[in-house]
Each structure stands twice: as C-alpha cells, then as structure tokens.
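What follows is a short report on a single structure.
The values are calculated or read from the model by the stated rules, or taken from the named source; none is laboratory data. Everything numeric here is computed off the predicted structure, so don't read it as measured data. Methodologically, a virtual Cβ is constructed for each residue, glycine included, from the backbone with ideal geometry; neighbour enumeration extends over all protein chains shown.
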Amino acid sequence: MSITQLRAFHVVAVCGGFSRAAREMAVSQSTLSAQVRQLEAASGIQLFLRKPRGVLLTPDGQALFDVTKRLFAAELEARTFLRRDTRQAGGHLRLAADGVFHPVPILARLQKGRPHLTFTLNIGNSEQVIEQLLDHRVDVGITARLPADRRLHVRPMLSMGIGVFMLAGHPWAARTGIAIRELAGHAFVLRERGSVTREVFEQNLAEHGVAIGPALEVTTPEGVREMVAGGFGLGIVADREFGHDTRLRFVPLADARIAIDEYMICLEERRRIPLVRDFLACAGALFGPQEMQACAP
C-alpha cells in the first residue's frame with residue numbers, strides 16, 4: 001500500500017468514476033485503474049463496484065473513503081499552514097448556497113483580506129448544498145436546513161421572515177402586511193420540493209388551516225421571479241432575499257410565526273483550514289448569532 005494508491009482511490013471515490021478522476025489528476029485512466037487494482041490486491045478488499053457508467057463504493061470502500069477524507073483534509077491543512085504566502089495569494093474557495101444574497105457580502109469582505117481570492121459559487125436548494133459538502137465538492141455552504149450529520153460543523157447565521165411578492169400593479173402591492181387567511185384560493189408560483197422557503201410557507205399555511213389555489217412549480221428562484229412577473233401567480237420569498245425589481249412588490253406575511261433560519265456549514269475536519277476559517281469569521285462578523293436572536297419570532 002502506498003500514499004499514491006490511496007490518493008488514486010480517494011479521487012476516484014470523490015469523482016464517482018475513473019475517467020473524471022483521471023482528468024482531475026492529469027494522469028491516464030489506465031494508470032489510475034492500475035493503482036486502484038494494486039491497492040485492492042495488496043489489501044484483499046474490493047473497494048469499488050465497476051459499472052458501465054462510473055463506480056459505486058462497496059461497504060469496505062465507503063469505510064476506507066471515510067478514512068481518506070480525514071487523511072487528505074489533514075494533508076491540505078498542513079500544506080496550507082506551511083505555505084506562508086497563502087493569504088497574499090488569496091486561495092480558491094468553493095461555496096454552495098441556497099441563494100445569492102447572503103454569500104455576496106461575505107465574499108466581498110473576505111476578498112478585502114485576500115485580494116487575489118478566486119471562488120466558485122453553486123446555487124441550489126438546501127438539500128443540494130448539504131449533499132455537495134458531504135461529497136467534498138465544495139468547502140463551505142450556506143443553507144436554511146439545519147443538518148443533523150455529525151460530520152458537519154454548523155454555525156447559526158440569521159433568521160428571516162417570509163412574505164408574498166407580486167406584480168407592482170396588484171391590488172395588494174401598496175399594503176404593509178398581509179394575513180395568511182387572505183391567501184386562501186390564490187394561485188402561487190413555488191419552488192420545488194426540498195426548498196426550505198416552500199416548506200416554511202406550507203407550515204405557516206397549515207398552522208392557520210389555509211389552502212391556497214393552484215400552484216405552479218419552478219426549480220430556481222430566478223424562474224419563480226420571472227413567472228410571477230409574467231402574471232402566473234404570487235410568489236413566496238424570505239424578506240432579506242427579495243432584492244430589487246421594479247416590476248414586483250414585496251409584502252410581509254404579518255402573522256407568519258415560523259421563520260427561515262440560515263446556517264453556515266462546513267466539514268468538521270476542514271473548519272480549521274485557513275481559508276474556510278476566514279470565511280466563517282467574515283460571515284460571523286456580518287451575520288452573527290445576535291441576528292438569530294433579533295429576528296426570531
């Protein structure tokens with residue numbers, strides 16, 4: 001067994017197949033396959049089930065993957081610590097979030113201390129954010145779903161109320177608040193199942209015994225906004241995520257008791273990596289736990 005073989009196994013497990021892993025490591029697929037076969041032969045353990053498209057981890061492979069995740073996270077932390085120019089270089093951060101409004105000020109603050117910072121930002125629902133973290137596809141996440149997985153380090157960020165948004169010419173557009181009972185029978189444009197915004201909205205409806213009218217389902221926040229602007233129904237959004245759109249107006253739900261809580265998350269084993277630690281510190285400075293207390297119902 002060698003560290004090269006373990007690294008080959010680890011990258012194949014992360015990528016879900018030999019061809020993508022070979023591209024990631026800039027080696028031939030045959031070389032990578034040979035290294036994994038050697039590891040399996042030396043240990044006497046089958047690590048992967050080979051499929052026509054990609055691979056699946058065996059139970060033993062999954063157990064080894066849990067070990068190599070810790071191994072290479074520690075290696076990365078050591079390399080980062082020893083590279084004294086990391087802060088000046090900026091580094092590259094992979095971030096997943098359930099919306100664009102919270103990451104932007106955090107990244108802007110982080111970039112002030114790391115002028116050469118680069119990053120990728122993946123937007124999806126809260127379940128997708130958690131999944132990407134556990135799969136090691138991103139370094140940090142912002143999610144409205146509190147994860148129960150002990151492999152994740154979680155910090156509260158803020159609480160948000162919810163409200164309805166509509167066309168600027170709608171009869172409710174000038175209102176300062178809407179009661180949930182007034183929504184009965186109205187058509188809505190909603191996010192897909194798995195969206196915490198939709199989940200919280202439906203919980204508030206259930207508390208008041210209110211049934212809305214027909215609901216059109218759209219898979220992205222931008223899609224919901226455009227469908228509402230097109231006159232297909234009302235939309236639901238957190239107060240801090242509405243943004244600015246002259247076509248639309250936002251009105252809070254005055255009696256919505258259940259709010260949306262946002263969390264910063266990362267893998268427990270990676271939270272001390274300087275770039276991840278700096279991101280959490282910047283987020284905490286902008287959206288500290290006091291926000292949760294101030295906004296809680």
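Kindly indicate whether Glu241 is of a type in the set (Asp, Glu), outside the structural domain of Arg137 (by TED's automatic domain parsing) and under 20 Å from the mean Cα position of the chain (by Cα).
Criteria met by Glu241.
Each row is one residue, and each column tells you yes or no for (1) without any contact (Cβ under 8 Å) to a residue 40 or more places away in the chain; (2) surrounded by 15 or more Cβ atoms within 10 Å (Cβ to Cβ).
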| site | (1), (2) |
| --- | --- |
| Glu199 | yes, yes |
| Gln203 | no, no |
| Glu207 | no, no |
| Val210 | yes, yes |
| Glu222 | yes, no |
| Met227 | yes, yes |
| Ala238 | no, yes |
| Glu241 | no, yes |
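Might you check whether a residue that is farther than 30 Å from Asp66 by Cβ and modelled with pLDDT under 90 occurs anywhere in the stretch 242-258?
yes
Report, by residue number, each residue of the stretch 76-117 that is modelled with pLDDT of 85 or more and under 29 Å from Arg7 (Cα atoms).
Within the stretch 76-117, His92, Leu93, Arg94, Leu95, Ala96, Ala97, His116, Leu117 qualify.
One line per residue, one yes/no per condition, for (1) among the acidic types (Asp, Glu); (2) assigned to a loop (DSSP other than H, G, I, E, B):
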position: His170; (1), (2): no, yes
position: Arg175; (1), (2): no, yes
position: Glu182; (1), (2): yes, no
position: Gly185; (1), (2): no, yes
position: Arg198; (1), (2): no, no
position: Ile212; (1), (2): no, yes
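Filter the stretch 1-18 down to the residues that are loosely packed, with under 15 Cβ neighbours inside 10 Å and in contact with a helix residue (DSSP H, G or I) (Cβ under 7 Å, 6 or more places away or on another chain), then identify the one that is farthest from Leu76 (Cα to Cα).
Looking at residues that are loosely packed, with under 15 Cβ neighbours inside 10 Å and in contact with a helix residue (DSSP H, G or I) (Cβ under 7 Å, 6 or more places away or on another chain), I get Met1.
Would you check if Phe65 is under 24 Å from the mean Cα position of the chain (by Cα), under 20 Å from Glu269 (Cβ atoms) and not assigned by TED's automatic domain parsing to the domain that holds Phe279?
So Phe65 passes the test.
Can you find, within the stretch 134-150, the residue that is surrounded by the most Cβ atoms within 10 Å (Cβ to Cβ) among those that are touching a strand residue (DSSP E or B) at 6+ places or on another chain (Cβ under 7 Å) and within 17 Å of Pro221 (Cβ to Cβ)?
Here the answer is Gly141.
A quick yes/no check of all residues on (1) surrounded by 15 or more Cβ atoms within 10 Å (Cβ to Cβ); (2) closer than 19 Å to Ala259 by Cα; (3) within 18 Å of the chain's Cα centre (by Cα); (4) modelled with pLDDT under 90:
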residue	(1), (2), (3), (4)
Ser126	yes, yes, yes, yes
Gln132	yes, no, yes, no
Val164	yes, yes, no, no
Ala168	no, no, no, no
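Collect the residues in the stretch 256-272 that are acidic (Asp, Glu) and crowded, with 22+ Cβ neighbours inside 10 Å, keeping them in residue-number order.
Glu262
Listed residues Val189, Val228; which is assigned to a helix (DSSP H, G or I) and at pLDDT 95 or above? Give the derivation first.
Details: Val189 fails: assigned to a helix (DSSP H, G or I).
Exactly one residue qualifies, and that residue is Val228.
Got at least one residue in the stretch 22-41 being of a type in the set (Val, Ile, Thr), out of contact with any helix residue (DSSP H, G or I) (no Cβ under 8 Å at 6 or more places or on another chain) and at negative phi?
Yes, the conditions are met somewhere in the stretch 22-41.
Can you pull out the residues in the stretch 20-65 that are assigned to a helix (DSSP H, G or I), surrounded by 15 or more Cβ atoms within 10 Å (Cβ to Cβ) and among the small types (Gly, Ala, Ser)?
Hits for the stretch 20-65 are Ala21, Ala22, Ser33, Gly61.
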